[in-house]
Amino acid sequence: MRSWVFPASAAARQQHDEEEGAALVPPPSPRDPKEDGPPPCKDDAADHPAAVQLDRHYCSSQTSTELQAKPAWWWSSSWSSSRRWGSTVVPTRGVAMVIGGLVFLALFLLVASITWSRGSSWWIHIHLDSSSFLLGGGGGVRQHGRRPPHHASSSAGNLVPIPLSCGNATPSSSSSGTCHRRRAAAGTSPSPSPSSSVELHMSSSQGERAAPPPRCPEYFRYIHSDLSPWRETGITREAVERGRDRAAFRLVVVGGRGYVETYHRVFQTRDSFTQWGIAQLLARYPGRVPDLDLMFNCEDMPELRAADFPVQSEAPPLFRYCKDDATLDIVFPDWSFWGWPEVNIRPWAPLLEEMERESRSLPWPDREPYAHWKGNPGVSAARGDLLRCNVSKEMDWNARVFRQDWGAAIRAGFKDSNLAKQCKYRYKIFVRGRSWSVSEKYILACDSPMLLVATPYKDFFSRGLVAGRHYWPIDPARKCPSIKFAVDWGNAHPAQARRMADEGSGFAREEMSMDYVYDYMLHLLTEYAKLLRYKPTVPEKAVELCPESVACPAQGRERQFMTESRERYVADYEPCTLPPPYTADELRDMARREEEVRTKVQKMMEEQR
C-alpha cells in the first residue's frame, strides 16, 4: 500500500501567516459467531426500502436492550442445553419461538429474493458497498441526538456582570487600561471551587438541584497527553525558564489575577488577542484559574522536538497553537477565536452564527458541485501544489481554487473576503499553512464535507476529528485525483455526503462552542498548575493582565472585535467534566480505524481506474 508522504515544511521562518483558505468510518469488524447478542437494530438504509422494512419488522417486536439481553443461542437459532430436539415435551414457548423463527426466515428469504432479482443483495450492499463504511451505514442526514447544551441559561437578573471601563477613552483615543479590583455584587456567592465540577450544586435562584455539568468533548483527553512528559517528575521553575528564549511572553497567575511579561513582538496581533482570551477566561471564571507560571510561543511551527530530549521531562514546557507527534509543545486555542482584525475575520461566536444563517440560505443540493479553496498559496508547498488541481482546458479535477491577494482585499475593504459568504460549494478543501491553519474551523462550519489534505500538524480541537465522520481524507501525494474522486463519489452519494457535512458542521457548532473553548483553557491550565513544584511569583517587569489592559489601548477593528468577543457575565455554572486520559489500547484502536479509512479510500480509487 502506498505510504502517505507529508510535504516537507519550509525551512525558513516567514513572518506572515496563513489565512482563511479555504464519513468514512470503517464498517464494524466481522461479527464473531461466538459473540453474545444480535447485531444492533438500525433504520438508516434509506436507499433500500426492503432492508428498512425488514429491520423495522424485526426491531418493532424487540427493543435493542431486550435483544442484547438475549443469549447467543437465541440469536444463532440453536437450542438451549436444557431443550433438546429429542425431548418428548416441547414447551409452548418453544413452539412459538420455532414458528416465529420460521416466519422470520421466510420473510428474510422473500426480501432477499426480491432484492437479488434486482441484481444485488441488500445484505451485500450494506456490508460491502463503498458507502457502507460511512458513519451509519446507509447515510442520510445525521439523526442522532446533538450534544446537549453546555449549561442552562440563567436569567439576566441573577447574573453578575463583568464591567469594562476605559475611562474617557474613545475608539479614536488610547488608554493604558487600568485594571480595577472587582468586588462581588451584593448577595452573590464566589465562583465555585474547581473540585466541585463533578458535583451537583444548588441553583441560587430557584433553590433546586441543578443538573451535573456535561462531560467535555473527547478531544479534551489530549490535555493529559500534552502534559504527560512532566506527569511523573513535575515542573520546576528552572524548567519553565529554559523556555524563555523560545517564548513571546510569560503568563503568571497569582491569586486569580493575571500578569504578563513580554519578551518580543510577534506577527500582527496574535499575542494581544491570545492575552485577551486569557483575560476573558479569568473574568468568566473568577478565582478558578490556579496560580501558575508558563511560557507562550505565538509562532506557527512547533519546535520542541522529542528527539532532542531523551529524558522528556527535561524539555521546557512551552505553550503554542499546534504540534505534531514528533514534538512536545503544549497546545492552546489560537488567537483567532477572539478575532483576526488584520484580515477582518470576526470572533468565532458571532461568525459561527453568521455562517449558520448563510448555510441555511443555500441548501447543499443547490451549491456548486465542486470542491472550493481560497487562500494564500505562498505560505507552504502543500498550498502551492494545490493550484495544479484547478480546472484547465486539459482536465477538470472538480476543484475550484482561488488565490487570495490580501493586499487587494485590504484595499477593497474585504468586500469579497467574508468567510460566511464562501459556503457556496458542496465541498471545502482544507490544506495546511506553514504548519496547521486557523482556517480549519471555518471550513468545518460551512455545512459542506471537508476534504482534508492529510497533515501531521494538529491544534487543540482537530485531534478530535474522525476520518470518515467529520471529513474525507485526501492523499497529499495525490491531491488532484483524490479530490476529483471525493467529489465524484459525494455527488453520486448525496445522502452520505450531506451526512458528513452535518457531522462536521455539528462538531464545529457543538463541540467547539466558545463555552468549550474556555473550558479547554481552564482544564488545561488547571492540570498544568498541578504539576508545578514551586509557588509562582509575579516577575519584576510583568504588567497586570485584565480586560481593560488589553482592550482600552486598542483602536479600530481591534477594539471592535474585542468588544464583540468579550464575556459579559461571570459564569454561574460549572465547567464541563474533564474525561480521563486515553489508554494505550484506545490510542492504538483510533490509529487503526483512521488507517482503515484511508486504506478503504485508496482501494476505492484504485478500483475505479
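May I ask for the percentage of alpha-carbon pairs in segment 303-353 that lie more than 14 Å from each other? More than 14 Å apart: 60 percent of the Cα pairs in segment 303-353.
Summarising the label geometry, the points placed 7 Å from Cα in the beta-carbon direction at Lys535 and Gln312 lie 3.2 nm from one another. Over the C-alpha atoms of segment 235-285, the Rg to Rh ratio, Rh being the Kirkwood estimate, stands at 1.00. What translational diffusion coefficient, in µm²/s and rounded to a whole number, does the Stokes-Einstein relation yield for segment 277-418 at 4 °C and a viscosity of 1.567 mPa s, taking the hydrodynamic radius as the Kirkwood radius over Cα pairs? Estimated via Stokes-Einstein, D reaches 67 µm²/s. In segment 508-609 the Cα-Cα distances spread across 5 Å bins starting at 0 as 2, 8, 9, 11, 15, 15, 10, 8, 8, 7, 4, 2, 1, 0 percent of all pairs. When all alpha carbon pairs of segment 450-520 are counted in 5 Å bins from zero, the resulting P(r) reads 3, 15, 23, 22, 18, 11, 5, 3, 0 %. The convex hull around the C-alpha trace of segment 333-490, projected and averaged over every direction, spans 9.4 square nanometres. Based on the convex hull around the alpha carbon atoms, segment 427-487 presents an average projected area of 3.9 nm². Full extension of the chain between Glu544 and Arg478 gives 18.7 nm of extra length, using 0.36 nm per residue less the Cα-Cα distance. So the label point goes 7 Å from the Cα of Glu595 along Cα→C-beta, right? Which residues of segment 306-325 then have their backbone N under 17 Å from it? Correct set: 325. Put simply, when 583-594, 461-472, 539-550, 358-369 are sorted by average Cβ atoms within 10 angstrom per residue, most first, you get 461-472, 539-550, 358-369, 583-594. Taking 7 Å steps out from each Cα toward its Cβ at Lys424 and Ser153 produces label points 3.3 nm apart.
Measure up Lys374/Lys479; Lys458/Lys479; Lys323/Lys600; Lys323/Lys441; Lys441/Lys479 against 23 Å on the Cα-Cα distance and list the ones that go over. In this structure, Lys323/Lys600 lie more than 23 Å apart at Cα. Using 0.36 nm per residue and subtracting the Cα-Cα separation, the extra length available between Glu303 and Arg609 on full extension is 106.0 nm. At full extension, Ala381 and Thr563 could sit 61.8 nm farther apart than now, given 0.36 nm per residue minus the alpha carbon distance. Take every pair of alpha-carbon atoms less than 8 Å apart whose residues are at least six positions apart; their mean separation over the length of segment 322-382 yields a relative contact order of 14 percent. Rounded to the nearest 0.05, the FRET efficiency derived from the C-beta distance between Arg231 and Thr178 at R0 = 45 Å is 0.70. The Cα atoms of segment 230-329 cover 39, 33, 22 Å along the three principal axes, with the biggest extent listed first.
Laboratory data are not the source of any read-out in this text; all were calculated from the coordinates shown. Keep in mind the model is a prediction, meaning the values are calculated, not measured. FYI the Cβ positions are ideal-geometry reconstructions off the backbone, even for glycines, and counts take in every protein chain you see.
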